[in-house]
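Below is one structure, written out as structure tokens; the observations come after it.
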Amino acid sequence: MNQQERMEFVRSHRTAIFGYNRKADGPSMSIVYYVMDGDEILVSTMAERGKAKAVRRNPKVSLCVLDEKWPPTYLQVYCDTAIETDLEAATDLMMRIAGVMAGQPMPDSVRPNIKQGAINEQRVVLRLRPYQTFETPPRHVYTPKDTEKLTHSLGVALPWK
């Protein structure tokens with residue numbers, strides 16, 4: 001994928017695996033919905049969840065953006081992350097993500113419910129600023145014959161911009 005294709009891949013999908021370093025043990029990963037804000041990626045989480053705690057310790061995270069078709073293609077995106085605690089920003093993001101989940105924008109009439117949820121859950125916005133991507137060209141086996149010329153190659157790290 002060239003730079004534009006990588007950026008479009010991230011823009012045109014909605015789920016990813018959010019990876020971060022834990023304080024102890026190995027890395028942690030969780031599936032998240034996300035939306036784009038310009039070139040930045042926004043993720044909603046609770047202030048006391050592991051993702052937010054990890055970002056406070058170390059703002060470097062990875063996002064493995066998933067293609068929702070089988071067999072899956074993916075793009076790894078490395079990001080610097082900041083936490084925003086503004087209630088209106090958290091509510092706006094939750095409205096957008098609810099729309100992504102539902103496949104249609106949420107009407108303004110549900111905003112009070114979403115805002116109350118943001119308050120109850122102490123929601124924050126994780127603002128991911130991509131700086132690098134990593135891709136491995138997909139190799140899939142559809143039939144036994146496909147194994148005859150099946151090869152794998154090393155992936156490549158490329159700047160976000």
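The values are calculated or read from the model by the stated rules, or taken from the named source; none is laboratory data. Everything numeric in this text was worked out from a predicted model, so none of it was measured. Positions of Cβ are generated from backbone atoms using ideal geometry, with glycine treated the same way; all protein chains shown enter the neighbour counts.
Looking at TYR34, TYR78, can you tell me which residue is hydroxyl-bearing (Ser, Thr, Tyr) and over 25 Å from ALA118 (Cα atoms)?
Just one listed residue meets the conditions, TYR78.
Looking at the range 60-81, which of its residues are out of contact with any Ser or Thr (no Cβ under 9 Å at 6 or more places or on another chain), in contact (Cβ under 8 Å) with a residue 40 or more places away in the chain and among the charged types (D, E, K, R)?
Result: ASP80, single match.
Among the strands (runs of 3 or more DSSP E) confined wholly to the range 56-161, which include 1 or more residues that are modelled with pLDDT of 95 or more?
Where strands (runs of 3 or more DSSP E) fall fully within the range 56-161 and carry at least 1 residues being modelled with pLDDT of 95 or more, they are 60-66, 74-84, 123-135.
Each row is one residue, and each column tells you yes or no for (1) in contact (Cβ under 8 Å) with a residue 60 or more places away in the chain; (2) within 23 Å of ILE17 (Cα to Cα).
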| residue | (1), (2) |
| --- | --- |
| ALA52 | yes, yes |
| THR91 | no, yes |
| ARG96 | yes, yes |
| GLN116 | no, no |
| ARG127 | yes, yes |
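Give the residue, chosen from LEU42, LEU87, that is out of contact with any strand residue (DSSP E or B) (no Cβ under 6 Å at 6 or more places or on another chain), of a type in the set (A, V, I, L, M) and farther than 30 Å from TYR142 by Cβ.
After applying the criteria, what remains is LEU87.
Which is surrounded by 14 or more Cβ atoms within 10 Å (Cβ to Cβ) and within 26 Å of GLN122 (Cβ to Cβ), of ALA16, ALA24?
One residue alone meets the criteria, ALA16.
Can you say whether ALA24 is of a type outside the set (Val, Ile, Thr), farther than 27 Å from LEU158 by Cβ and touching a residue at least 40 places away in the same chain (Cβ under 8 Å), as far as the supplied structure shows?
No: the conditions fail for ALA24.
Are any residues in the range 41-83 under 19 Å from GLN3 (Cα atoms) and among the β-branched types (Val, Ile, Thr), and if so, which ones?
Matches in the range 41-83: ILE41, VAL65, THR73, VAL77.
Against the condition under 18 Å from MET29 (Cα atoms), in contact (Cβ under 8 Å) with a residue 40 or more places away in the chain and loosely packed, with under 15 Cβ neighbours inside 10 Å, how does GLU84 come out, does it pass?
Criteria not met by GLU84.
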